[in-house]
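Notes to accompany the following structure.
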Amino acid sequence: MKIACQDEWIGFDKFMALALYAPGLGYYANDSRKFGLMPAGGSDFVTAPELSPHFGRALARQVAQALEASGTAEVWEFGAGSGALALQLLDTLGPQLERYTIVDLSGSLRERQRERLAAHAGKVHWATELPPAMRGVVLGNEVLDAMPVKLLARLEGVWHERGVVLHEGRFTYADRPTDLRPPLDVAGHHDYVTEIHPQAEGFVGTLADRLETGAVFLLDYGFPEHEYYHPQRSMGTLICHRAHLADADALADVGEKDITAHVNFTGIALAGQDAGLEVLGYTSQGRFLLNCGLLGGLENASLGERAMVQKLVNEHEMGELFKVIAFGAKGSPVWQPLGFSAGDRMHTL
C-alpha cells in the first residue's frame, strides 16, 4: 500500500487514518473479512458480539432501560462491524426499537451489514456522517480504539511527536520535538513512548453537541489515566491484529491489518463532561454485563455457549481489560443505568 511518495514527515495520527480508512486501500476500506472466531475463515480478530449472542441480549436490557428513560425509540451504532450486535439488539428489543441507524465509513462492511440485517430492513438505516441533531441511544463497541492517535516519545528527557516518513521505499518512524504532552506527568527520566487521543475525545464532544435527548454507551479496552500513563507502561499501547495474532509493528503490511490503541477513559470522561454530557457510570465489561443479567437464560445453554460467555466476563479474558462508560445527554434527568448498579468505578477516573 502506497500512502506517501516523498521524504515528507506526517504525524502518526494521519498515517493511522490513511492505513485504516484510505478509500480502496485502507484496512477498513478493503473487502477482507476482519471479524470472526477463527483465522481459518480469513478473519483477523473477534469482538464480543461474535463470541456470543448473549452479549447483545444483555446489552439490550440496558438499551431498553435507556430508551424508556429518555423517551426515545432509536439506536445509533457507530462502527457496526459485521452487524452481529445490531442483529442481537434488533431481535431482542422488537417493537420498542423503531429505528436503528448505523454510522460506518466502510462501504464493504455496510454491504455485509445489509445482508445480515435484511430481516429488519424496514428499521435499519445507514449514515456516513452525523446529522445536526440526534435523539436516542448511542452505542460504540470497540470504536474508540480504532480512532487515530498521536504518538509521543520522551527521548533523553525531551518530548517528541513521532511521525512517519517513506525512506528508501520503506516506512520508518521519525521524531520531532513538540510542545505536546501526556495529560499526566510521567515519573522518571527513562525513555517513554505513549499515545494521546484528540480524535476520540473530539468524537465524544461532537456527540455532546448533536445528542438532544438520550444516552451514550461506549465499550472498549483501556484504562483510567493513572494506569494508562504509568511509568512502567513505557512502550505505549499501540497494537496490530492480523489472523488472530497481535504485533506492534504498525509500519509493516500497511492496509492489511488492524491498528489500534487502548483508550484513556479519564480523557473520554472529561471530554464528555466538558462538552456538557453527564457521566452516568464507568465499570468493567464483566461487571456491566453481569449487572445486565448476562447469566439469565443460560440454564439450558450448551457447554460451548457457557465457555464463550465466560470469555466475556472473566478477568483474564475480556471481563477486566474491557470497560464501559456511559453518558447522559446534556440537560437530561440523571438516572441510574442498570449496568452500573454494582461495581461502579467512576471514582477511579
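Count the lysine pairs in the chain whose Cα atoms sit under 16 Å apart, keeping only pairs 8 or more residues apart in sequence or on different chains.
5
Starting at 0 and stepping by 10 Å, how many percent of the alpha carbon pairs of region 87-159 end up in each bin?
For region 87-159, the pair-distance distribution reads 14, 40, 25, 9, 9, 4, 0.
May I ask which residue of 62, 268, 149 lies farthest towards the positive end of the charge dipole of the chain, with charges of +1 (Lys, Arg) and -1 (Asp, Glu) on Cβ and the Cα centre as origin?
62
Where the accessible area of region 49-155 is counted over protein heavy atoms with a 1.4 Å probe, how much of it, in %, is carbon and sulfur?
Ligands and nucleic acids excluded, carbon and sulfur reach 50 percent.
Computed over the Cα atoms of region 178-225, what is the convex hull's projected area averaged over all directions, in nm²?
For region 178-225, the mean projected area of the Cα convex hull comes to 5.1 nm².
What does the charge add up to near residue 100, with Lys and Arg as +1, Asp and Glu as -1, over the other residues with Cβ less than 10 Å from its Cβ?
It works out to a net charge of -1.
Compute the signed sum of charges (Lys and Arg +1, Asp and Glu -1) over the other residues within less than 13 Å, Cβ to Cβ, of residue 178.
Result for the local shell: +1.
Can you compute the modelled spin-label distance between residue 179 and residue 118, with each label point 7 Å from Cα toward Cβ, in nm?
Inter-label distance under the simple model: 5.7 nm.
By per-residue mean of other Cβ atoms within 10 Å, what is the highest-first order of 297-309, 198-210, 55-67?
Output ranking for 297-309, 198-210, 55-67: 55-67, 198-210, 297-309.
Mean residue ellipticity at 222 nm from the helices of the chain, using -39,500 (n - 2.57) per DSSP H segment of n ≥ 4 over the full residue count, to the nearest 500 deg cm²/dmol?
After summing the helix terms and dividing by residue count, I get -8000 deg cm²/dmol.
Calculate I(q)/I(0) for the chain by the Debye formula, one identical point scatterer on each C-alpha and no solvent, and give its log10 at q = 0.13, 0.14 Å⁻¹ to two decimals.
-1.05, -1.22
Summing Lys, Arg as +1 and Asp, Glu as -1, what charge do residues with Cβ under 15 Å from the Cβ of residue 269 carry, residue 269 excluded?
-4
Tell me, what is the percent relative contact order of the chain, built from C-alpha pairs under 8 Å that lie six or more residues apart?
Contact order relative to length: 20 percent.
State the extension gain, in nm to one decimal, for the chain segment bounded by residue 301 and residue 243, taking 0.36 nm per residue of separation less the distance between their alpha-carbons.
Between residue 301 and residue 243, full extension yields an extra 18.0 nm.
Scan around residue 184 for amide H atoms under 5 Å from its own, H built in the peptide plane at 1.01 Å from N, and keep only partners 5 or more places away or cross-chain.
none
Whole percent per 5 Å bin, from 0 to the bin with the longest distance: what is P(r) over all C-alpha pairs of region 1-123?
Result returned by the calculation: 2, 10, 17, 19, 16, 13, 10, 7, 3, 2, 1, 0.
When the convex hull of the C-alpha atoms of region 197-320 is computed, what volume per residue in Å³ does it have?
About 156 Å³ per residue, rounded to a whole number.
For the chain, what is the accessible area per residue in Å² when the probe is 1.4 Å?
43
Taking the Cα centre as origin and putting +1 on Lys and Arg beta-carbons and -1 on Asp and Glu beta-carbons, what dipole magnitude results for the chain, to the nearest 20 debye?
Using only the charged Cβ atoms, the result is roughly 680 debye.
Residues of region 263-285 with amide nitrogen under 15 Å from the 7 Å Cα-to-Cβ point of residue 336?
280-282
Say the dipole of the chain comes from +1 at the beta carbon of Lys and Arg and -1 at that of Asp and Glu; which of 126, 173, 280 then lies farthest toward its positive end?
The residue sitting most towards the positive pole is 126.
The values are calculated or read from the model by the stated rules, or taken from the named source; none is laboratory data. These numbers come from a predicted model, not from an experiment. Every residue, glycine as well, gets a Cβ built from its backbone with ideal geometry; the counts of neighbours run over all protein chains shown. Surface areas here come from the heavy atoms of the whole protein model, side chains and all, with no ligands, DNA or RNA. Shrake-Rupley method; radii C 1.70, N 1.55, O 1.52, S 1.80 Å.
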